[in-house]
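Since the structure comes first, as structure tokens, the remarks are kept for the end.
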Amino acid sequence: MSLAVTSAPRRRNARLLPGFQLSLGFTVIYLSLIVLIPLTALILRPWELGVAGVWDVVTSPRVLAALKLSFGASAIAAAINAVMGLIVAWVLVRMQFPGRRLLDALIDLPFALPTAVAGIALTALYAPNGPIGLWLAEFGIRAAYSPLGVVIALTFVGFPFVVRAVQPVLEDLDSGLEEAAFTLGANSWQRTWMVVLPAIRPALITGVSLAFARAVGEYGSVIFIAGNLPLRTEIAPLLIVVRLEEYDYAGAAAVGLAMLSLSFLILLAVNGFQRLMATPGAGR
Amino acid sequence: MPLIIKNISKTYGQSQALHNLDLEVGDREFLALLGPSGSGKTTLLRILAGLISPTTGDVSFDGADLLSLSARERRAGMVFQHYALFRHMTVAANIGFGLRVRPRRDRPSAEEIKRRTDELLRLVQLEGYGARYPSQLSGGQRQRVAQARALAIEPRMLLLDEPFGALDAKVRRELRYWLRRLHDETGVTTIFVTHDQEEAMDLADRVAILNGGKIEQVGAPNDIYASPATPFVFDFLGAANEARGLVRDGELHVYDARFPLPGDGSGEVKAFFRPHEVEINPADGRGFMAEVVGVIARGPATRLECRRGDQVMEIDWARGRLPDGVTRGAQVRLAPERFTVFPAGT
Amino acid sequence: MSEKSIGRPSPILLGIGVAYVAILILLPMGMVFVEAFRRGPAEYLDIFAHSDTWSAIRLTLLVAAIAVPLNAVFGVAAAWAVTKFDFPGKGLLLTLIDLPFSVSPVISGLVWVLLFGASGWLAGPMASANVQILFAVPGLVLATLFITLPFVARELIPLMQEQGADEEEAAITLGAGGFRTFFMVTLPNIKWALLYGVLLCNARAMGEFGAVSVVSGHIRGQTNTLPLHVEILYNEYNFVGAFATATILAGLAIVTLVIKSGLEWRFADELSASRRH
């Protein structure tokens, strides 16, 4: 240790490329101003109501119904996308057909299309007098202005996440694995279930959780189609807006904090689940 | 000695990459840093280039402190292991880069840069390749572009980090002699990092052998080969057999045989010998007894595996047909022509 | 069964996949244009005669013109720090950069209301300095900055990680300074990925609805961006106007996708690995 004291301290970084302090300093300050300080306000403001006050807000029937709808509809939408996203990714990676590139580009449309536009377009389609709405009405199904409408909108916004998470892994998947399974006598369903699915499971879980997280917070594409009836079709983000319009800032923050905490807990659970599923020796 | 490295240590967190290392490199010298991966040779090279700083120690070049200069001020021409060519620049732009980024008052004119670039392209035998991009070149050509780019800044020393590491064996050998000729032409002090002992022995004026962040031995290739300073050096420079032995009265006792060993000293030793420096004698001949457990014909030489107790030794027989009676299961006597001994416990 | 059929899905799957994408994605997209032209081109073009439309377009462009370059600079700086250097807390920093993606847009707006709104921490200082943040352009910019912060950084970090620091180190040993190294070596290597990130960032900045909705106050002709204008027209039962305005945004989305696909196709190896399909 005495050696270190006698020789002049030099720059500590392993690499002596320039710009470390400048870039890291700017990054940290910018991130603090734009993300950290505002989020701190979200975390601290609700407690103006006191712990009991926050509890009352969060457990009020209207808030509970909204959280239940947001998380429930998001889970259903994520499940639909898990299946359909897998099929579409599979088709895109494994099949050659005319229009493949177009289909590939279309997947990203929900990313690129502003949510308000998606919202009014979905509403026009599924409203009782819209083309799909009319058809569904014949079966006695009401899509728009019902929880089903919320699920439809959330399925729309979450779809690209699953496809884009699974696609690259499916592309890199060693076709030798499947060929080996084939030579060992596995039929196509066995190959899919026993060889392909385990290999892409981590990516699928990632994609589905991204789709779920996006859906939980989604606002623009839902509020037009949902009907926004308190206790029935009111999503949690909308409830925040309602509280803000009532100038109940602490109440709005409490709902926001509850949403964030729930998402965070679910994320932790998914991570834990993924770690459990990662059997030793299975590689990454 | 223009380059003097004194007491250099480098610590990464808990692990120490270099231990109080001293080394001197002469003017116009070609020095190879040879060692297995993780021995610290690349770390030392990057310290000289200014890409990392040592934890302690000093380096001086021509009497001036080198460590106080930033990497861009050192004019150390570095050739990276994977060449690090600028992928979006042509070969000519790559080579001229070091001249173009000089401060305005030192910057040569555009014509001068072009002239120098052409000259370097000729030097590395890549005339006509100036307009190509690195991705359009073979590995060997990329290596030479990297060399030319490093030479363009008229470096005070050249630092080569496993420059042939990514090439196949044939190209490696061709480039090896080319690099030596280039050094003889340009005369730039060169430090060359490699883990390939043959490459180091072939190319360098002197070889420094690193192990675990310390220098085991420095010297001319022949001297090191003839008198390795440590068991590690002996082992690293080629295939080796090891036996326990005892030195007494000018003789080396190995198993049931005695061999003359000039010099004084006595006590228990580790005795090493090379697989190709062994005489094979019949069971009543000279040497220690061993059993032949394997015979493998390998082109010009025959590889024998012989066992003595739990020790398996490799013998390379390159003198025509095997002596009569040397077959699998036979008892033979082995007489190494030359031993290198180290005190036991080293 | 022929060897070729290994791992090839049946045409039934293709049919299901194409039908799903058509119904879920293509139909709503088509619906925008159908509804916009329901009463003919004249009524469609009518929206361009309104000054509200033009002020919404101007405001949308203005907000994007401020937010996108700032987040692009942030993305480059963050990627440089994260990929060229080692420092403690890097993992945390990466998580924080991604954080806005997992936060509801409404919350991205809410946080600014909490800071600058009535009884907010910064409400006092702003009032005494006579600076209007909420229900004004600065609020729209801040909400947009929050929501689009990760886009550029997320494109650059994996790419620069892949590329390593070798070329920059070579440039430094050849005598180049920090800025020359960045502009002559790093920037050319990441320019297409940077453009890609800027493209996505811009699409989101111009199309963002939830976050700006919370901070805007919906003042017609003043704090109405295009997406907010769509909402107002829709809520006034001016459906043709709403969908006609929406076609502008849908057009933006289509242009974005075309350029994006073009970049992926033409510059595949200069984008990060996850973007090459």
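Where Lys and Arg each count +1 and Asp and Glu each count -1, what net charge lies around B:Pro262 among other residues with Cβ under 13 Å from its Cβ?
-2
Taking square-rooted eigenvalues a ≥ b ≥ c of the alpha carbon gyration tensor, is chain C rounded, prolate or oblate, where a/c under 1.5 means rounded and, failing that, a/b exceeding b/c means prolate?
Oblate, since a/c reaches 1.5 and b/c is not below a/b.
Using a simple spin-label model with points 7 Å from Cα along the Cα→Cβ vector, what separation in nm is obtained for C:Phe37 and B:Tyr12?
Here the answer is 6.2 nm between the modelled labels.
How high is the FRET efficiency between C:Asp98 and C:Ser10 when r is their beta carbon distance and R₀ equals 22 Å, given to the nearest 0.05?
0.05
I need to check one value: relative contact order of region B:242-346, counting alpha carbon pairs closer than 8 Å and at least 6 residues apart, in percent.
Once divided by the residue count of region B:242-346, the mean separation gives 31 percent.
Two-decimal Rg/Rh of region A:180-246 from alpha-carbon positions, Kirkwood Rh?
Reported Rg/Rh (Cα atoms, Kirkwood Rh): 1.36.
Order C:36-46, A:196-206 from most to least packed using the mean count of other Cβ atoms within 10 Å.
A:196-206, C:36-46
GNM, chain A, Cα, under 10 Å: largest mean-square fluctuation among A:Tyr126, A:Tyr247, A:Tyr145?
Comparing A:Tyr126, A:Tyr247, A:Tyr145 in the GNM, the peak value goes to A:Tyr247.
If you average over every viewing direction, what projected area does the convex hull of the Cα atoms of region B:19-74 give, in nm²?
Taking the Cα atoms of region B:19-74, their convex hull projects to 4.3 nm² on average.
Out of every Cα-Cα pair in region A:76-143, what percent are more than 14 Å apart?
71
Please compare each pair in B:Lys170/C:Lys191; B:Lys6/B:Lys41; C:Lys84/C:Lys191 to a cut-off of 27 Å on the Cα-Cα distance and tell me which ones are over it.
The pairs that break the limit, which is 27 Å between Cα atoms, are B:Lys170/C:Lys191.
Report, as an integer, the average count of C-beta atoms from other chains found within 10 Å of each Cβ along C:204-215.
Partner-chain Cβ atoms within 10 Å, mean over residues of C:204-215: 5.
Using only atoms on other chains, find how many Cβ atoms lie within 10 Å of each Cβ of peptide C:10-21 and report the average.
The shielding value for this peptide is 6.
Please find, in a Gaussian network model of chain C (springs between Cα atoms separated by less than 10 Å), the residue of C:Glu169, C:Glu208, C:Glu35 whose mean-square fluctuation is greatest.
It is C:Glu169.
Report the local net charge at B:Arg319: Lys and Arg +1, Asp and Glu -1, summed over other residues whose C-beta lies under 15 Å from its C-beta.
-1
Using the heavy atoms of the protein chains alone and a 1.4 angstrom probe, what is the accessible area of the protein assembly as shown per residue in square angstrom?
Here the residues of the protein assembly as shown average 44 Å² of exposed surface.
If I build a Gaussian network model for chain C, linking alpha-carbon pairs within less than 10 angstrom, which residue out of C:Ala143, C:Ala65, C:Ala127 has the largest mean-square fluctuation?
C:Ala127
I need the phi-derived Karplus couplings for region B:268-282: 6.51 cos²θ - 1.76 cosθ + 1.60, θ = phi - 60°, integer Hz, Gly and Pro marked x.
6, 9, 9, 10, 10, 8, 8, x, 8, 10, 10, 8, 10, 10, x
Where Rh is the Kirkwood radius over the Cα pairs of region A:228-277, the temperature 25 °C and the viscosity 0.890 mPa s, what D in µm²/s does Stokes-Einstein return?
Using the Kirkwood radius from Cα pairs, D works out to 199 µm²/s.
How many nm separate the modelled label positions at C:Ile23 and C:Trp54, each set 7 Å beyond the Cα in the direction of the Cβ?
4.5
Would you please report the Å³ per residue occupied by the convex hull of the alpha carbon atoms in region C:7-147?
225
How many nm separate the modelled label positions at B:Arg244 and C:Leu62, each set 7 Å beyond the Cα in the direction of the Cβ?
Each label point is offset 7 Å from its Cα along the Cβ direction, giving 9.0 nm.
Defining a contact as two alpha carbons under 8 Å apart and six or more residues distant in sequence, what relative contact order in percent does chain B show?
16
Put one equal scatterer on each alpha carbon of region B:241-343, apply the Debye formula with no solvent term, and list log10 I(q)/I(0) at q = 0.17 1/Å to two decimals.
-0.73
Taking only Cα atoms of chain A, what ratio of Rg to Rh do you get with Rh as the Kirkwood inverse-distance radius?
1.08
Over the alpha-carbon set of region B:132-276, divide Rg by the Kirkwood Rh and report the Rg/Rh ratio to two decimals.
A ratio of 1.12.
Along each principal axis of its Cα atoms, how long is region C:197-277 end to end? Whole angstroms, biggest number first, please.
In descending order, the Cα extents are 48, 26, 17 Å.
Could you tell me what fraction of 2.2 N^0.38 Å the Cα radius of gyration of the protein assembly as shown comes to, as a two-decimal ratio?
Relative to the rule-of-thumb radius for its length, the protein assembly as shown sits at 1.22.
Can you give the FRET efficiency to the nearest 0.05 for A:Ile29 and A:Leu268, using r as the Cβ-Cβ distance and R₀ = 35 Å?
0.75
Across region B:251-263, in residue order, what do the Karplus-derived ³J(HN,Hα) couplings come to in whole Hz, using 6.51 cos²θ - 1.76 cosθ + 1.60 with θ = phi - 60° and x for Gly and Pro?
Per residue, the Karplus-derived 3J(HN,Hα) values read 10, 9, 9, 10, 6, 9, 10, 10, 10, x, 9, x, x Hz.
Using only protein heavy atoms and a 1.4 Å probe, how much accessible area in total is buried between A and C, to the nearest 100 Å²?
Interface between A and C: roughly 7800 Å².
Mind ordering B:30-42, B:57-69 by average Cβ neighbours within 10 Å, highest first?
Highest mean packing first, the order is B:30-42, B:57-69.
Distance between the C-alpha centers of region A:216-259 and region B:42-97? Whole Å please.
Region A:216-259 and region B:42-97 have Cα centres spaced 58 Å from each other.
With helices defined as uninterrupted DSSP H runs, which ones in chain A have an alpha carbon span along their own long axis of at least 20 Å and mean Kyte-Doolittle hydropathy of at least 1.0?
A:61-94, A:147-172, A:197-217, A:249-277
I'd like the FRET efficiency for B:Ser70 and B:Asp106, computed as 1/(1 + (r/R0)^6) with the beta carbon distance as r and R0 of 22 Å, rounded to 0.05.
According to the calculation, E is roughly 0.85.
Full-extension gain between C:Tyr237 and C:Arg266, please, as 0.36 nm times their residue separation minus the C-alpha to C-alpha distance.
Additional length available on full extension: 6.0 nm.
To the nearest whole number, what is the average tally of beta carbon atoms from other chains within 10 Å of the beta carbons of peptide A:216-223?
6
So what does log10 I(q)/I(0) come out to for chain B at q = 0.11 Å⁻¹, using the Debye formula with one equal point on every Cα and no solvent?
Log10 I(q)/I(0), no solvent term: -0.83.
Whole-Hz ³J(HN,Hα) for each residue in region B:60-75, computed from phi via Karplus 6.51 cos²θ - 1.76 cosθ + 1.60 with θ = phi - 60°, x for glycine and proline: what do you get?
10, 10, 6, x, 9, 5, 7, 5, 7, 8, 6, 3, 6, 8, 7, 6
Give me Rg/Rg_expected for region B:17-148, where Rg uses Cα atoms only and Rg_expected = 2.2 N^0.38 Å with N residues.
Output field value: 1.20.
How do the peptides A:146-152, B:335-341, A:156-162, B:101-107 rank, highest first, by the average count of neighbouring beta carbon atoms within 10 Å per residue?
A:156-162, A:146-152, B:335-341, B:101-107
Could you give the Stokes-Einstein D for region A:11-106 in µm² per second, using the C-alpha Kirkwood radius, 25 °C, 0.890 mPa s?
For the chosen part, D equals 127 µm²/s.
Mind listing the long-range amide H neighbours of B:Val79? Cut-off is under 5 Å, sequence gap 5 or more, other chains count too, H placed in the peptide plane at 1.01 Å from N.
Correct list: B:Leu159, B:Leu160, B:Asp161.
What translational diffusion coefficient, to the nearest whole µm²/s, does region B:74-171 have by Stokes-Einstein, given a Kirkwood radius computed over alpha-carbon pairs, a temperature of 10 °C and 1.306 mPa s viscosity?
117
Could you tell me the total accessible area buried at the C-B interface, probe 1.4 Å, in square angstrom to the nearest hundred?
Separately minus together, C and B give about 1900 Å² buried.
The values are calculated or read from the model by the stated rules, or taken from the named source; none is laboratory data. Here the structure is a predicted model, which means the values were calculated and not measured. All Cβ positions, glycine included, derive from the backbone under ideal geometry; neighbour counts span all protein chains shown. Just so you know, the surface numbers come from the protein's heavy atoms only, side chains and all, with ligands and any DNA or RNA stripped out. Shrake-Rupley method; radii C 1.70, N 1.55, O 1.52, S 1.80 Å.
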